[in-house]
């Protein structure tokens, strides 16, 4: 499918490690295919158990992020309570060595983590689509140039590059973090979308649009992009999981804003106060479990869409052949 | 042949891009991090070391960017990476040399293990489609792929080190020992490497299983499998010599590539366990604003990956004639 010789496999660091990138779905062509594909996605979410569980977890976290004050009445800030308390009725998950309520911190932390995942996921997906589709559609020198940039970014190890970039940035907040995640994370999706768009270039429905005399922009936005919906969704979900983990990792090693309320930052302070060695287990367990749950929500959705796109991977009922006996 | 040359050209271009990135980043960044770092280290390291940094990063120099760039490329080509500030006064190349064996040993062995185990489990999962193994693997993979590496490492420390005192929580070998080939030292190294290795294995094995299973599922639907069954060949023979043999290609090229990622593969795990490998050193370098060491490590990591990708591409082309014809 891809015209260049770069193989990707499970060892590839970056968003490529995630499921859901295996096979793009062959969407029906045409402008109406966009809404049809979205409708199909919605039906799929309702009928596929994995997708339903993923969507439910994501919805819960969205609620937490939107109205944290309603769910956690306690103050997440430092020194609000006695230090290092165990779990109790007042403090469901206890308090940290700084006197913060762990439950409140976890609830408030959802906001920043979700913002990072969604914003960086959306921007990288858009960048992937623009770079990939432009390269495929414009062809020639454009294709060569854009593709070279993408290929280079694809093979440079992502996490070390993230670390180096962040190392040179003065104690930045969210914006540099998201920018860096986008730059390092868009390439895998761009490559996949380019390959898929290339394979569509000579299909009849695009030929028909050209013969009708449609403008290029019209063809790209109304004909090509809708036909790529499932792959774009898969790209977004894969990038979102990766960005949740990468951002948490960066914050954990202290490259985030240490005063921000997020799960990665919670883990950073827990590690710095030797929470595991001093018996304050919940301080380290809770934020990590939240990250894992959010990541699992995206991964479940991704996996479900993969099954929808590639019927061969759907679970089958157990069957017996004579060879098993 | 043309294919190999094209890949080689890509290798050179990417390497050049990385070198240039390394050169440009410290000179472009707002707030000039180098100057800030120099001020911090002033009086703490020798004037010669500071002078070396000034030269390397273009602070207070009247040389033009082009001259600096040419000199920089020359330095990189001759392995002159400068002086490390983390380990005061030692040349960067020396510092890196001490870290590489630890990473190669820990992550290298774990990568091979994960590949072999993951591929086998994937083969079995696809062969017994719908069996118990196939039923539990995908959901388990979804969950492990979403858990942060470093958090698994922390939980392993919590369980096996803080609670049960079975394994040490940090370091590469007991402080009381000096490196030698004695039984005591080797067993200590294995004991210290056990938990980090588990953390890497848990998070990396899923990818191998899933890729192998999914490719194998596709291959099992091919006509030649039905043919093999019709001939009455034994189950294991079909599984390994007809199905797995044809399905292993994506995993094999992925494996070749992941060997390149061994050097950088487990930065956060090394960090959590204070394991003295390349990843831990990279973070140390960043935290100490030891930019010379950081740049050299980043270059090393990139070169390792580039070489592995080159080899993986060539191996794929040799093993699978279709990839050659497609071009």
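Looking at A:180, A:244 in this structure, which one is free of Cβ contacts under 8 Å to residues at least 24 places away in the same chain, touching a helix residue (DSSP H, G or I) at 6+ places or on another chain (Cβ under 7 Å), crowded, with 20+ Cβ neighbours inside 10 Å and under 30 Å from residue A:115 (Cβ atoms)?
Values: A:244 fails: free of Cβ contacts under 8 Å to residues at least 24 places away in the same chain.
Unique residue meeting the criteria: A:180.
Among all positions in the range B:181-203, there is at least one residue which is more than 14 Å from chain A (Cβ to nearest Cβ), more than 22 Å from residue B:271 (Cβ to Cβ) and part of a loop (DSSP other than H, G, I, E, B).
When residue B:312 is tested against (1) within 30 Å of residue A:276 (Cα to Cα); (2) within 11 Å of another protein chain (Cβ to nearest Cβ); (3) buried (at least 24 other Cβ atoms within 10 Å of the Cβ); (4) over 12 Å from the mean Cα position of the chain (by Cα), exactly one condition is not met: (1). Within 14 Å of chain B (Cβ to nearest Cβ), over 20 Å from the mean Cα position of the chain (by Cα) and either at pLDDT 80 or above or surrounded by fewer than 24 Cβ atoms within 10 Å (Cβ to Cβ) (or both) - does that describe any residue in the range A:133-145? Within the range A:133-145, one or more residues are within 14 Å of chain B (Cβ to nearest Cβ), over 20 Å from the mean Cα position of the chain (by Cα) and either at pLDDT 80 or above or surrounded by fewer than 24 Cβ atoms within 10 Å (Cβ to Cβ) (or both).
Of all residues in the range A:271-286, those satisfying the criterion of being within 21 Å of residue B:147 (Cβ to Cβ) and either part of a loop (DSSP other than H, G, I, E, B) or within 8 Å of chain B (Cβ to nearest Cβ) (or both) are A:271, A:275, A:276, A:280, A:281, A:284, A:285. Each residue in the range B:275-284 was checked for being modelled with pLDDT of 85 or more and under 21 Å from residue A:256 (Cβ atoms), and 4 of them qualify.
The values are calculated or read from the model by the stated rules, or taken from the named source; none is laboratory data. Source: prediction; values computed, not measured. Backbone-built Cβ (ideal geometry, glycine too); neighbour counts: all protein chains shown.
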